[in-house]
Amino acid sequence: MLHKIIFILLFVITLNSTAQKHPQIKGDWLLSKTTNKNTSQNLRQLVTFNQDGKLLIQNIPFGTWQYDKKENLLIIKAKKISGNYKLNQQSATEMQLIKKDKSLFFSKINLKQIHKDNANSGLIGLWEFKINNEIQTHRIVTFKAPDKISLIEKDTGIESRYSGIWLYQNKEKQLVIIGQMKGIRGINTKVNITTNEVNFLNNTKPVNLTKVKQVVSIEHLNFTEDDFYTKDGDYKYEDEAQKLPWTDYYQMIDDLSNVSHLVYKRASLVTGTKSFENKILKADVTANLNEEILEIDNIFNGFDRYNLPDDTQLKPNKYNQYASKLYPYEDITYRVINTTEKITVPAGTFTCTVVEGISNFEEKIKIWMVNDKPGIIAKIIKEQSDDFGHYIIYTLQKIVLK
C-alpha cells in the first residue's frame, strides 16, 4: 500500500513538472505579431517563460504558464492574453500559439548573449536625434545596461517621457527597440556604431544618433529664501543696491550707444539627464543719449523677437533713471556675494559683480553683472526644483557693435 501511495505521489509530481516545463518553450522570446480574424498587429514585446512557470513581459511578472503535453496546449493565466493556446512549434526558435481566431507569433532570443552584445556595443550612454530635420523638438535617448532604454521628447512648453527595452544583436547588426519610441522603435537594421554617431534604418528610413557630451558644468544654487532673513523675519540686505555696479543711468546709455545687439546661448538641462538643450538668442539694444532712450531686449525668458512662440510678445524692457538697477529683474529678493569675480565666457573675460536672488515664484537666480559694461550680463543661472522645475544657463557669446 505504501509503495502505491509513493508511486502515485511521484506520478503527480512528474505530471505537474511536465505541465510547467517544456524544453523548447522555456526561455526568452520576442512576441513579434498577433492576428485576430482578418486583422494583424506587429508587436515588439519581450516575453519570458520561466522554469518555475512564471510569465514575464518586459522583465515584469505578468502571470503564469503551464504546458499540457497530452493536449499540446500552453495554458496562460495573465491579463488580456489568458487562455488555452494550441502550440504550433515548427522549430526551437519559432513558435505560434493559436486560440480560435487569435494567433500569437514568437521568435526565440538568447537574452544572455544580447546583454553581452549590449554591453560591448558602444551604445550605452546619451544620444540625441531628430526626425525629418525637425527644429523645435529635442530628443534624448538613453541606453542603459543591461537592456533599459528611455526617451525624452522636449518641445516648446511640453516634455514627454517614454521607457522600454533595447536588444542589440551584433551578428545580425540589428537593434530591436521595444516601447513607444517614435522614430526608432521596432527592428532597426544595418546598424553602424562609431564613437560619436550611430546610423541605422528604421522601416527603411535612415536615422542618425549623435553622442551627447557633457560640456556645461552644473553649479546648483543651494541657497534658500531663509538665507535672506534673520530669525525674526527681518531682511538682512537692505543696502545691497549700493553695491550694484550700474548706478549711473546716463552712463549706461552712453556705453551702450555703439552696441547693436548681444548674443546669448541658453542651455536648458533636460530633466533626468546630463544633457542640455541649446538655443542661441539675440537681444537688440537701443541706446540714444540725446533722447534719453535705453532698451535692451529681455531674452531671459527663453526666446527673442526673432523666434517668438505663437501668441507671445516680447516683454518691453525700457529703462529710465528711476527703474530697478538690477537688470533684468524688478521683483526679486537679492544679495551681492562678490564685486570682483572674474569670469570667462565666449564673449571674453570680465570682472563682475555676482548677485544671488529669489523671485516671487521661488526661482533661484545667480547673475554675473559686468562691472565696466553697464547693462551687459556675462552669465545667468536660473534653477527651480518644484514639479515644474528647471535648470537654465545663459552665457554671453558676443557683443556686436554697430
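The values are calculated or read from the model by the stated rules, or taken from the named source; none is laboratory data. Because the structure is a prediction, the values reported are computed rather than measured. So basically every Cβ, Gly included, is an ideal-geometry build from the backbone, and we count neighbours across all protein chains shown.
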Checklist outcome for this item: Flagged in region 344-367 as charged (D, E, K, R), touching a residue at least 40 places away in the same chain (Cβ under 8 Å) and surrounded by 14 or more Cβ atoms within 10 Å (Cβ to Cβ), in numbering order, are Glu356, Lys364, Lys366
Checklist entry - All but one of (1) assigned to a strand (DSSP E or B); (2) over 30 Å from Asn208 (Cβ atoms) hold for Trp127; which doesn't? => result (2)
Checklist entry - Across region 308-343, what is the total count of residues that are surrounded by fewer than 16 Cβ atoms within 10 Å (Cβ to Cβ), polar (S, T, N, Q) and either assigned to a loop (DSSP other than H, G, I, E, B) or at pLDDT below 75 (or both)? => result 5
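Return the only residue of Tyr250, Tyr168, Tyr229 being touching a residue at least 24 places away in the same chain (Cβ under 8 Å), out of contact with any Cys (no Cβ under 7 Å at 6 or more places or on another chain) and assigned by TED's automatic domain parsing to the domain that holds Tyr394.
Testing whether each residue is touching a residue at least 24 places away in the same chain (Cβ under 8 Å), out of contact with any Cys (no Cβ under 7 Å at 6 or more places or on another chain) and assigned by TED's automatic domain parsing to the domain that holds Tyr394 leaves just Tyr250.
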Checklist entry - Residues in region 151-184 that are in contact with a Phe, Trp or Tyr (Cβ under 9 Å, 6 or more places away or on another chain) and in a loop (DSSP other than H, G, I, E, B): how many? => result 8
Checklist entry - Right, Leu73: over 27 Å from the mean Cα position of the chain (by Cα), modelled with pLDDT of 85 or more and not polar (S, T, N, Q) or not? => result yes
Checklist entry - Quick check, is Lys243 within 28 Å of Asp372 (Cβ to Cβ), among the charged types (D, E, K, R) and at pLDDT 90 or above? => result yes
Checklist entry - Residues of region 130-152 being of a type outside the set (Ser, Thr, Tyr) and crowded, with 18+ Cβ neighbours inside 10 Å, which ones? => result His138, Arg139, Ile140, Val141, Phe143, Asp147, Ile149, Leu151, Ile152
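Go through region 117-129 and give me each residue that's more than 20 Å from the chain's Cα centre (by Cα) and surrounded by 12 or more Cβ atoms within 10 Å (Cβ to Cβ).
Within region 117-129, Asp117, Asn118, Ala119, Ser121 qualify.
Which residues, taken from region 370-386, are within 17 Å of Leu221 (Cα to Cα) and either part of a strand (DSSP E or B) or free of Cβ contacts under 8 Å to residues at least 24 places away in the same chain (or both)? I'd like the intermediate steps shown before the answer.
Going residue by residue through region 370-386, those that are within 17 Å of Leu221 (Cα to Cα) are 379-386.
Listed by number, the residues that qualify are Lys379, Ile380, Ile381, Lys382, Glu383, Gln384, Ser385.
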Item to check | Matching option when the condition is closer than 30 Å to Asn203 by Cα, crowded, with 17+ Cβ neighbours inside 10 Å and modelled with pLDDT under 90, among Ile81, Ile114 | outcome: Ile81
